[in-house]
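Engineer: If you scroll down you'll find the structure; I have some questions about it.
The values are calculated or read from the model by the stated rules, or taken from the named source; none is laboratory data. What you are looking at is a predicted structure, and each value in this text was computed from that prediction instead of being measured. Heads up, the Cβs are rebuilt from the backbone with ideal geometry, glycines too, and the neighbour counts pull from every protein chain shown. When the accessible area is computed, the model is the full protein with side chains, heavy atoms only, and any ligands, DNA or RNA have been set aside. Shrake-Rupley method; radii C 1.70, N 1.55, O 1.52, S 1.80 Å.
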Amino acid sequence: MPPPKDVVKIAIQMVGAIPQLIELQQTKPLASVLKDVCDAWSLPNAERYALQYADGRQIYITESNRRDIKNGSILRLTTSPDQEAERLYIGIQSKNVDVKTDSLKKLASLSQDVTFAQEFISRNGLKQIYSIVEEGNDTGEILAHTLKAFTELMEHDFVSWENLSAVFIKKIVSYVNMNTVDASIQQLSLSVLENMVPTSRPLFELVKKEVTLDRLLTHLQVTNAQLQLKAMALLIALLLSASDTERQDMMDYLREKNIRQFIHKNIIHSSEPLGDEMAHYLYVLQSVSLNLCEHRMKTSMDPYSQEQRDLLQSLRQTAFESENEAPAGNFSTERRRSLCAKEFRKLGFMNNSNPAEDLRRAPPGLLALDNMVYFSRNTPNAYSRFVLENSSREDKHECPFARSSIQLTLILCEILHVGEPCSETAQAFYPMFFGQDHFFEELFCICIQLVNKTWKEMRATQEDFDKVMQVVREQITRTLALKPTSLELFKTRVNTMNYSEILKLRQTERLHQEETLAVPVLELREKLKPELMELIQQQRLLHLCEGTLFRKISSRRRQDKLWYCRLSPNHKVLHYGDVEEGVQSPPIESLLEKIPVADMKMLLVGKECPHTKEKSSGKQNKDVLELAFSIVHDVEEYCLNFIAPTRYEFCLWTDGLNVLLGKEMTSERTQTDLDVLLSMELKLRLLDLENISIPDNPPPIPKPPSNLNFCYDFSHAEQ
C-alpha cells in the first residue's frame, strides 16, 4: 500500500553522524520533529537547530513550506536561522579579514532564504551592510560578497529602498563610475541601481543625475557580456521610469551618440550568441523608441496651427513649385486658391479645398503628415515621381499619395504595435531597427513606394483602394516574418513579393482549403487523425524530456532566478532545479527537485494559477497571464508554477502535461500541427489523383456477374 499523504520518507544528515531515515508526520509540529531528531543523536537544546535541504538552494524547513518536502528528500540538521543570523551578524563585524570574508560569503548564500533574511534584518543586520559599503575600507572579495548579500536581502521586500541613505547610494554610484573597480563589483552595483530606480521618483532622479548616459554607454562598449547586460538593464529601467518628456530627451541623446549602430554591430552581430535577457532589453528599447511616435499618432491636425499648415503647404510646393514658380505672383487670390485645391487633389487628398480635414483622424493623426514630409524632403526625386506619375494617369487609375500615406501609417503603427505597453517577457525585436536612425520614417519611405508599385501591378482604381492596402499589409507582414537584418534587405524582399506572388500564395492556401473540403477527403482526414495525434503526443513528450529554461518573474524586475525543468526518459518523474545563467541543457542528475507524474493532479493555466493571482491584473501583466501555467501535485494546495519563455513553449508544455495527465491536448499549437501533418499526409495519399476531381459520393458498386466461371486455366498455357 502507498504511504499516507501526510507521511513522507526522508533522510536527515549531520556532519560526523550516521544519517537518520525517518517517516516525517506532516501533521506533527516541527518543533516536536526536531526534538525527536536531536534526541536520536543525543543533542541538547533542540530549539537551537533547524532542518534544511541538503542540496539545491538549502532552504530552511518551516511550518509554511514543510508540505513541499517530497518522498526521498535529503535534509540536514543545522543551526537554526536565528542562531545562524546572530553568528553571521557578529562575524561580519570581525577585525579578522578571513572571518569577515567567510561570514559575508555565507551571508550572501543564506540571504536567499526568506526565514534567515527575516532573522538577520530583525537584528539590524542591514545597518552593518550599509557601514561596510559607506566606510569604503573594504574592496575586492569582501565588497562583492557584501553587495551580493545586500541584493538578496532587499529582494524579500522587508525593507523599503527609500530607507537607503544618500551616502550609501552615492557609494554604489561611485563603483559604477570608477574605471579601476573590479567588473564583478560594477555588475552588482548596476544591479542594485536597476532595482532601486523603479521604486520611487526621488531615487530615479538621483540615479539619473549621478549615472550619466555616457557612462552607461561606456559600459555597453566593454567585451564583458555580463557587465554589458547589467548596463543595458539599468538603461532600460531608467527609460521605463522616466516621464514622456524625459524619455524623449534621453532617446534623442542616445540617438546622437549612435547607440543603435553600436548595438547593431557589437551586440546583435557579436560573436557571442544573444541571451534571452539581452533580447528582451532590445525588444523594450525598440518598443520605447517606437512609442515616442504615439503622441503624434494620437494628435489630430489643428487647422489653425501655422506650423502644421506650413508642413502641409510644403508637400504641395515640393511637388509642384517648378510648375507654378514663375506665374504664381500674377494670380488673384481666388485663382491661387483654386490652383492650390487642384494640386492638393493631385496629391491625393480627399478634401482638396481643406486638406487638413484628412488629417483630423487619429490615429494616425500628425504622424502621417510627418511621414509624408519626411518622404518629400529626404527622397524628393521619389516623391516627385510618385506624385507626377499619378497626376498623368486617368483620374480613376491614379494612386492617391496622401490617402495612401495616411492609411499606410496606420497599418505600420498596428504592425509595429506603436502605443502598446511593453511586454514583460517578449524578446521579438527587429534587428534592422537598430541598423537605421529614423527607422519608422525610413520604413514608411520604402512602403509608400511599394504601395505605388502594387497599385500599378493590380491596375487598381479608386474603388480598389482598400484591396490594394490589404495586399500591401500582407506584403509587409510576410516580409517582416522573414526577419530581414537590414532595411535594404527588407526593401529587396518586399519588392520581390509582388502582387502576382501574393496571388500565388493565396491561391495555394485556397486550393489547399478547397481540396480538404471534399467529402471523401474529410473522411480520410478523420481516419488519419488518431495516428497523427499520437505522433504529436510523442513530440510533446520528447520536448518535455529535452527540457526548457524558465524564469521566476518577481514583481519588481524581470530577471530573477533561472530554473530548468525536464521529464525523465521513462516519463515517470519531472525533474527541476535552479541553474546559473548561460547553462543551456543541464544533465538530469543536477536537477535535484522531483515530482512523480503519478502525484500530478491537475494543470492550471492563466488566471487560475496561484502565481498570477498574486500579481496585479494591469495591461503590463497580460502577457504573463498568457504564458503562465501550474502543476497541482499531491494535494491541491501545492503547485509548481511556470511562466513559459514564449507562447510556443507554453503550448508544448501544457500539451505534454495534459498527455501525462491522460487528458486532451488543448493548445492552439496542437490544431496547427495537426493541420500541417494532415495536409502533408493527404497530399502524399492523393498524389496520384492530381488534376482529377474527387466526387462527393463514391461510385456505385456494380452488380455481381451472372456466373463466376472466369478463372484462368494455366494448364492450357503450359502446353
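Engineer: Among the numbered criteria (1) over 25 Å from L592 (Cβ atoms); (2) outside any loop (DSSP other than H, G, I, E, B); (3) polar (S, T, N, Q), which one does T27 miss?
Structural biologist: Every condition holds for T27 apart from (2).
Engineer: Filter the stretch 490-504 for residues that are in a helix (DSSP H, G or I) and in contact (Cβ under 8 Å) with a residue 24 or more places away in the chain and give the result.
Structural biologist: Start the filter on the stretch 490-504 by keeping residues that are in a helix (DSSP H, G or I), which leaves 490-496, 499-504.
Residues satisfying the conditions are F490, K491, V494, N495, Y499, S500, I502.
Engineer: Right, something else. Quick one: count up the residues across the stretch 514-536 that are modelled with pLDDT of 85 or more, in contact with an Asp or Glu (Cβ under 8 Å, 6 or more places away or on another chain) and not β-branched (V, I, T).
Structural biologist: The qualifying residues number 2.
Engineer: Still on this model: Being in a loop (DSSP other than H, G, I, E, B) and open to solvent by less than 40 Å² (accessible area, probe 1.4 Å) is the filter; apply it to the stretch 662-685 and report the residue that is farthest from G275 (Cα to Cα).
Structural biologist: The first filter runs over the stretch 662-685 and keeps only residues in a loop (DSSP other than H, G, I, E, B), leaving 662-667.
Applying the additional criterion that residues be open to solvent by less than 40 Å² (accessible area, probe 1.4 Å) yields 665, 667.
On the way: M665: 30, S667: 27 Å.
Ranking the qualifying residues of the stretch 662-685, first place goes to M665.
Engineer: Tell me, please, whether a residue that is buried (at least 18 other Cβ atoms within 10 Å of the Cβ), on the phi > 0 side of the Ramachandran plot and at pLDDT 85 or above can be found in the stretch 349-364.
Structural biologist: no
Engineer: Let me ask something additional. Considering each of D276, D249, D214, D302 in turn, give the residue that is of a type outside the set (K, R) and within 23 Å of P363 (Cβ to Cβ).
Structural biologist: Values: D276 fails: within 23 Å of P363 (Cβ to Cβ); D249 fails: within 23 Å of P363 (Cβ to Cβ); D214 fails: within 23 Å of P363 (Cβ to Cβ).
The match here is D302.
Engineer: So I90 fits all but one of (1) of a type in the set (A, V, I, L, M, F, W, C); (2) within 26 Å of E589 (Cβ to Cβ); (3) exposed (fewer than 15 other Cβ atoms within 10 Å of the Cβ); (4) free of Cβ contacts under 8 Å to residues at least 40 places away in the same chain; what number is the exception?
Structural biologist: Unmet condition: (2).
Engineer: Given the conditions (1) assigned to a helix (DSSP H, G or I); (2) among the charged types (D, E, K, R); (3) more than 27 Å from the chain's Cα centre (by Cα), report the number of the one that E246 does not fulfil.
Structural biologist: Condition not satisfied by E246: (3).
Engineer: State yes or no: is I121 farther than 16 Å from L234 by Cα, aliphatic (A, V, I, L, M), in a helix (DSSP H, G or I) and open to solvent by 30 Å² or more (accessible area, probe 1.4 Å)? Break it down stepwise before answering.
Structural biologist: On the way: farther than 16 Å from L234 by Cα: yes; aliphatic (A, V, I, L, M): yes; in a helix (DSSP H, G or I): yes; open to solvent by 30 Å² or more (accessible area, probe 1.4 Å): yes.
Taking the combined requirement at face value, the residue satisfies it.
Engineer: Counting residues that are surrounded by 15 or more Cβ atoms within 10 Å (Cβ to Cβ), aliphatic (A, V, I, L, M) and assigned by the TED database to the domain that holds L359, which helices (runs of 4 or more DSSP H) fully inside the stretch 378-489 reach at least 3? Give the steps one after another, and end with the answer.
Structural biologist: Working: elements: 380-391, 401-415, 439-457, 465-480.
Hits in the stretch 378-489: 401-415, 439-457, 465-480.
Engineer: Additional query: Could you figure out which of (1) in a helix (DSSP H, G or I); (2) open to solvent by 10 Å² or more (accessible area, probe 1.4 Å); (3) more than 23 Å from G275 (Cα to Cα) isn't true of L188?
Structural biologist: Tallying (1) in a helix (DSSP H, G or I); (2) open to solvent by 10 Å² or more (accessible area, probe 1.4 Å); (3) more than 23 Å from G275 (Cα to Cα), L188 fails exactly one: (3).
Engineer: Within the stretch 459-479, is even one residue polar (S, T, N, Q), without any contact (Cβ under 8 Å) to a residue 12 or more places away in the chain and closer than 19 Å to I406 by Cβ?
Structural biologist: First pass over the stretch 459-479, keeping only residues polar (S, T, N, Q): 461-462, 470, 475, 477, 479.
Of the ones still in play, those that are also without any contact (Cβ under 8 Å) to a residue 12 or more places away in the chain are 470.
Checking which are closer than 19 Å to I406 by Cβ leaves us with 470.
Checking the stretch 459-479: at least one residue is polar (S, T, N, Q), without any contact (Cβ under 8 Å) to a residue 12 or more places away in the chain and closer than 19 Å to I406 by Cβ.
Engineer: Follow-up question, since we're still on this one. Return the only residue of K148, K100, K95, K106 being surrounded by 15 or more Cβ atoms within 10 Å (Cβ to Cβ) and either free of Cβ contacts under 8 Å to residues at least 24 places away in the same chain or not in a helix (DSSP H, G or I) (or both).
Structural biologist: Details: K148 fails: either free of Cβ contacts under 8 Å to residues at least 24 places away in the same chain or not in a helix (DSSP H, G or I) (or both); K100 fails: either free of Cβ contacts under 8 Å to residues at least 24 places away in the same chain or not in a helix (DSSP H, G or I) (or both); K95 fails: surrounded by 15 or more Cβ atoms within 10 Å (Cβ to Cβ).
The match here is K106.
Engineer: Go over the candidates M251, M278 one by one and state the one that is within 21 Å of A428 (Cβ to Cβ), crowded, with 20+ Cβ neighbours inside 10 Å and not assigned by the TED database to the domain that holds Q427.
Structural biologist: Details: M251 fails: crowded, with 20+ Cβ neighbours inside 10 Å.
That would be M278, the only listed residue that is within 21 Å of A428 (Cβ to Cβ), crowded, with 20+ Cβ neighbours inside 10 Å and not assigned by the TED database to the domain that holds Q427.
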